[in-house]
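In what follows, a structure is listed as structure tokens, so that the remarks can point back to it.
The values are calculated or read from the model by the stated rules, or taken from the named source; none is laboratory data. If you're wondering where the values come from, they're calculated on a predicted model, not measured in any experiment. For neighbour counting, all protein chains shown are included, and Cβ atoms are generated from backbone atoms with ideal geometry for every residue, glycine included. SASA here: full protein model, heavy atoms, side chains in, ligands and nucleic acids out. Shrake-Rupley method; radii C 1.70, N 1.55, O 1.52, S 1.80 Å.
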Amino acid sequence: MVSQMTGVDAPQSEHRDLFDVAVEQFEIAADVLGLDEDMRKILSYCQRELTVNFPVEMDDGSVQVFTGHRVQHNGGPGPTKGGIRYHPSVTLAEVKALAMWMTWKCAVVGLPYGGAKGGVTVNPKILSQNELQNLTRRYTAEISIMIGPNKDIPAPDVNTNPQIMAWLMDTYSMTMGYSVPGVVTGKPIVLGGSEGRNEATGRGLVYAVQSGAAALDMDLSKTATVVQGFGNVGGTAARLMAEAGSKVVAVSDQHGGLYNPAGLDLAGVTAHLARTGSVVGYAGADAITNDELLVLPCDILIPAALENQITAENADRITARMIAEGANGPTTPEADKILYDKGVFVLPDIFANAGGVTVSYFEWVQALQAFPWTEEQVNERLKQIMHRSFDAVYEMARKHHVHMRTAALMRAIDRVAEVQRLRGIYP
Ligand code: NAD
């Protein structure tokens, strides 16, 4: 039964169709931009949506059928780009929203890509490595009609990693008859992955926080940071926030959170996670729930788990002065209004977590040129892009008296609409 493979750690949410949220955010920015009706129609649809139901042979010899998706929102600016997520709560609506956000994310930092996303409805944590490989290879074969180094380039997202990208690259390469490293990013370095890619999203987020702190005149060494989610993005962001001088007082994963107002020993938490599979149970902190974590006293809140975490129910209890969205879509539009009225400075997902796709772009460029960069070159170019993009979005927010999410969307939509206008409609 597919349900055996799903259903255990679905996120708390208001059960809103995530694509509706994405379109609502788009409409708000389109209104301020004065975008014409025809362009609104074009950009509020996803260009291509593929759903695949595919069999996988399990270790006990049984066959399970899984459902996956690949969606391309807009291919105007170039090949489409976006991660692949393995999670029990994956739906087509979620993948569509994430694809649309990828279009805006690429545009906000000026990458020559449109947006895409993929996902399989599965709890990968209960699969063996062999089953995970079978699932990845078959899903790749099913979506291979859409992907390619000049067409659509996947990357890791929730519960997918460099090993999964290696299987994806190998499966695609086998059908082509030669190695195609440019078909996917987030690969292991030995297969043409980029230095710095693994921690790029968390690192880019901390560059964004540093820009935000400078604009708000905040001294990071006098701040307390709370991070929800301790995976690729949250774990890296927590470590780099501590390196940047902030006191990380709370972190969490899907099982629960940890709080120590004196600051957490992140190396100790990481070792505990490696040993037990969760941050929960670490001795040097109090146990808290994910709901409690979001409203803890702090200066900077980094939601880096899943969507719909900051809602109308908890937004008015949030104490942070700055929210840096590591996750995609962690804040609902209702919560956004409450936060804006409270004066909370939000670094929106499409900007704050764009470090991942930016270094993915670097990886793709390196793969096409077969010429690797050093980690210093990667990090320096990432820093420049994040700081420059912050300045542009911040200026837009001040000029139009809108919050940072709308400003980031305006910058992105304006670019994509210009591409669309210049290219025209074929035929
Ligand atoms: P990950 O799988 O490495 O980590 C996810 C973390 O969130 C884990 O600690 C997990 O336990 C926790 N989590 C899951 N469900 C939770 C819940 N209901 N409540 C609290 N915590 C929960 O994933 P990741 O790559 O770090 O991605 C996290 C977020 O960042 C996602 O929204 C993803 O789309 C976004 N993102 C990731 C990248 C990237 O490069 N990895 C880039 C941009 C955006």
Which listed residue (P348, T289, I302) has the Cα farthest towards the positive end of the charge dipole for region 232-348, taking +1 on Lys and Arg C-beta and -1 on Asp and Glu C-beta about the Cα centre? I302
I need the phi-derived Karplus couplings for region 36-45: 6.51 cos²θ - 1.76 cosθ + 1.60, θ = phi - 60°, integer Hz, Gly and Pro marked x. 6, 4, 5, 5, 4, 4, 4, 7, 8, 10
If the viscosity is 1.306 mPa s and the temperature 10 °C, what Stokes-Einstein diffusion coefficient in µm²/s follows for the chain when Rh is the Kirkwood radius over Cα pairs? 74
By the gyration tensor of its Cα atoms, with a ≥ b ≥ c the square roots of the eigenvalues, what is the shape of region 200-352: rounded for a/c under 1.5, prolate for a/b over b/c, or oblate? prolate
Top of I164, I84, I189 by mean-square fluctuation, Gaussian network on the chain, Cα under 10 Å: I189
Surface share of carbon and sulfur [accessible, 1.4 angstrom probe, percent] for region 200-352: 52
Which of the peptides 110-121, 235-246 is most tightly packed, and how do the rest follow, going by the mean number of other Cβ atoms within 10 Å of each residue? 110-121, 235-246
Return the calculated 222 nm mean residue ellipticity for the chain, to the nearest 500 deg cm²/dmol, obtained by summing -39500 (n - 2.57) across DSSP H runs with n ≥ 4 and dividing by the residue count. -14000 deg cm²/dmol
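Dipole of region 200-352, Cα-centred, from +1 at each Lys and Arg C-beta and -1 at each Asp and Glu C-beta, to the nearest 20 debye? The partial results should precede the final answer.
On the way: 9 positive and 17 negative charges, 84 e Å.
Roughly 400 debye, rounded to the nearest 20.
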Can you classify region 276-315 as rounded, prolate or oblate using the Cα gyration tensor, where a ≥ b ≥ c are the square roots of its eigenvalues, rounded means a/c under 1.5, and otherwise it's prolate if a/b beats b/c and oblate if not? prolate
Proximal charge balance of G231 [Cβ under 11 Å; K/R count +1, D/E count -1]: -2
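In debye, nearest 20, what is the charge dipole magnitude of the chain about its Cα centre with +1 on Lys and Arg Cβ and -1 on Asp and Glu Cβ, if you could check?
Dipole of the chain, to the nearest 20 debye: 920 debye.
Based on the alpha-carbon gyration tensor of region 300-402 and its eigenvalue square roots a ≥ b ≥ c, which shape applies: rounded if a/c is under 1.5, prolate if not and a/b is larger than b/c, or oblate?
prolate
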Place the peptides 53-63, 281-291, 329-339, 309-319 in order of packing, highest mean first, counting for every residue the other Cβ atoms within 10 Å and averaging per peptide. 329-339, 309-319, 281-291, 53-63
Over region 174-277, relative contact order from alpha-carbon pairs under 8 Å, at least 6 apart, %: 19
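Counting heavy atoms of the protein chains only and a 1.4 Å probe, report the per residue accessible area for the chain as a whole number of Å².
Normalised by residue count, the accessible surface of the chain is 40 Å².
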Student exercise, region 18-180 dipole from Lys, Arg, Asp, Glu Cβ charges, in Debye to nearest 20: 340
How charged is the neighbourhood of L339? Take every other residue with its Cβ under 12 Å from the Cβ of L339, and add Lys/Arg as +1 and Asp/Glu as -1. 0
Using alpha carbon centers only, region 110-124 is separated from region 391-427 by a whole-angstrom value of 21
Show me, bin by bin at 5 Å from 0, the whole-percent P(r) of region 18-180 based on Cα pairs. 2, 9, 18, 21, 19, 13, 8, 5, 3, 1, 0, 0
Within the set A99, A305, A267, GNM on the chain using Cα springs under 10 Å gives the largest fluctuation to A267
